[in-house]
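Nothing in this text is a laboratory measurement; each read-out follows from the coordinates by a stated rule. Remember, it's a predicted structure, so these values are computed and weren't measured experimentally. With ideal geometry, Cβ positions are generated from the backbone for all residues, glycine too; neighbour counts draw on all protein chains shown.
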Amino acid sequence: MDSGKVKQSSSLPLSSNMVKLLKFEWNPFSLHKHSHLCVKLAVSLFLIGLSFRLFFSSPSTPVPSLSPSLSASDDPPFVEKPSEIKHATPVPAQTPISAEIPEFSDQIGPTGKCDIFTGDWIPNQSGPAYTNVSCTVMEDHQNCMRNGRPDTGYLYWRWSPRGCELPQFDPQRFLDLMRNKSWAFVGDSISRNHVQSLLCILSKVEKAVEVYHDKEYKSKRWHFPSHNFTLSVIWSPFLVKAAIFEDINGLSSSEIQLHLDKLDKIWTDQYHSFDYMIISGGKWFLKTAIYHENDRVVGCHYCPGKNLTELGFDYAYRKTLDLVFNFTNSSPHKTTMLVRTATPDHFENGEWFSGGTCAKKVPFKEGEISFTDVDSILRNIELEVFEKASAVASKRGLSLKLLDTSRLSLLRPDGHPGPYRQFRPFSKDKNAKVQNDCLHWCLPGPIDSWNDLVMEMVVNG
């Protein structure tokens, strides 16, 4: 029986049987009809009263709660139901959402298979799983509400695959299943953004203890003592050996030096200690860089005046991913690896350094936006290299999965910090010109749905 259905009370059949019994015993042809009429009448009235008492007093099975459980100590909802939702662009009618909370096995649709990466963003009146008050690990740049973002509609959407239900991330079940395990997120600042989202959701069950950070606080490690679960984020934006000459604002003093035949030891030296890994690349390969192979310069990407062969970022990205998968597929250590696809940005009227903004307040609908040429190139390389690598991994019995967040992220131009990467940027001047962030994600925000996908792929898939 489904847990969301109310069990039928057992008192109804009991009352019917007792009524039948009364009709049988109260026989009008009894030889002692007249002498015992009063006695029988009294007995009958007593039995009828007893049956009705059983009928109305039998307890029914309690109806399970259909909303996420909140104890008295839990945080209140992030914000009240936002008034601006009522005035937002109308959302097309969606298939009604089941009132029952689906079990994890319900993710698979009637055809036996479901593409969880193809779907729509639909209204979610329950709002986010955590607040910027309950979670203390998010970086200031992604703490949009603290920084004064006035609208809240972007918090009230959830990703819904077509043809199946995607359960929300269950932090208690996740931690129970990951007891004595170790996870790592390897990549750039989007990986750090993602791991903070996961930490915020897990904090509803247990607060993580930070046990390590590097000098620049880009690589960190947390421990969940009650579950002996370790979660790490490893800063390696190129995944290969790189010399980077940038300040905190992303301004370069010299070209990046990339060694396309040498993986970054910061993650490969730790690889054997991880049970699960989410690895990703992407946007950093668009930066000006000099390429090295076999300890000599072989070319570059966008290096005018250097008298070097223009190989292009696509050359470097493909070489890097091939090298990564050759390493993981040949390693004696079997790690469950998820490869996250590159994240599209939503800069309009410029880039991050030239006044680009992202002012939209609602998600795109399917067909309203397409990948840029650059994002298409990155994505096609990822799919091409992954397909080859997964065939090898399958033969070796390795678990290699594609975490394809690109399209669902493309549909969420409303989920970025924008100007609110800074604390109250317009408090002194409403017309101030400030740098916008249209690449990273507000916390809470759309990136939280990535964890629903991870839960489905790792725990249920």
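Values computed for the structure shown
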quantity: Sparse-neighbourhood loop sites, trypsin sites (Lys or Arg not before Pro) in segment 155-225 - DSSP loop, at most 13 other Cβ within 10 angstrom; calculated: 162, 179, 215
quantity: Three-way shape call for segment 303-410 based on the alpha-carbon gyration tensor, with the a/c threshold at 1.5; calculated: oblate
quantity: Dipole of segment 218-282 [Lys/Arg +1, Asp/Glu -1 at C-beta], most positive-end residue of 229, 259, 249; calculated: 229
quantity: Segment 213-257-segment 412-459 distance, computed between alpha-carbon centres (Å); calculated: 20
quantity: Beta bridges by DSSP in segment 190-346, antiparallel share as percent, to the nearest 5; calculated: 65
quantity: Violating pairs (Cα-Cα greater than 28 angstrom) within the set 262/388; 220/365; 181/215; calculated: 220/365
quantity: For segment 309-316, Karplus couplings with θ = phi - 60° (6.51, -1.76, 1.60), whole Hz, Gly/Pro x; calculated: 5, 7, 8, x, 5, 5, 4, 5
quantity: Cα Rg over Rh - segment 195-321, Kirkwood; calculated: 1.06
quantity: Amide H contacts under 5 Å for residue 119, placed H, 5+ residues apart; calculated: 162
quantity: Cα gyration tensor shape for segment 104-222, rounded if a/c is under 1.5, else prolate or oblate; calculated: oblate
quantity: Cα pair distances in segment 307-353, grouped into 10 Å bins until the bin that holds the longest one, percent each; calculated: 18, 31, 31, 17, 4
quantity: P(r), alpha carbons of segment 409-459 - 5 Å bins starting at zero, rounded %; calculated: 5, 19, 21, 17, 15, 10, 6, 4, 3, 1
quantity: Calculated from backbone phi, Karplus (6.51, -1.76, 1.60) coupling profile of segment 428-440 in Hz, x at Gly/Pro; calculated: 9, 9, 5, 10, 4, 8, 10, 6, 9, 10, 10, 10, 6
quantity: Alpha-carbon Debye profile of segment 353-417, log10 I(q)/I(0) at 0.17, 0.30 Å⁻¹; calculated: -0.76, -1.27
quantity: Gap separating the Cα centres of segment 351-410 and segment 141-209, nearest whole Å; calculated: 19
quantity: Two-decimal Rg to Rh for segment 336-461 - Kirkwood Rh, Cα set; calculated: 1.06
quantity: Long-range amide H partners of residue 263 with built H, under 5 Å; calculated: 241
quantity: Prolate/oblate/rounded label for segment 129-188 (Cα gyration tensor, a/c 1.5); calculated: oblate
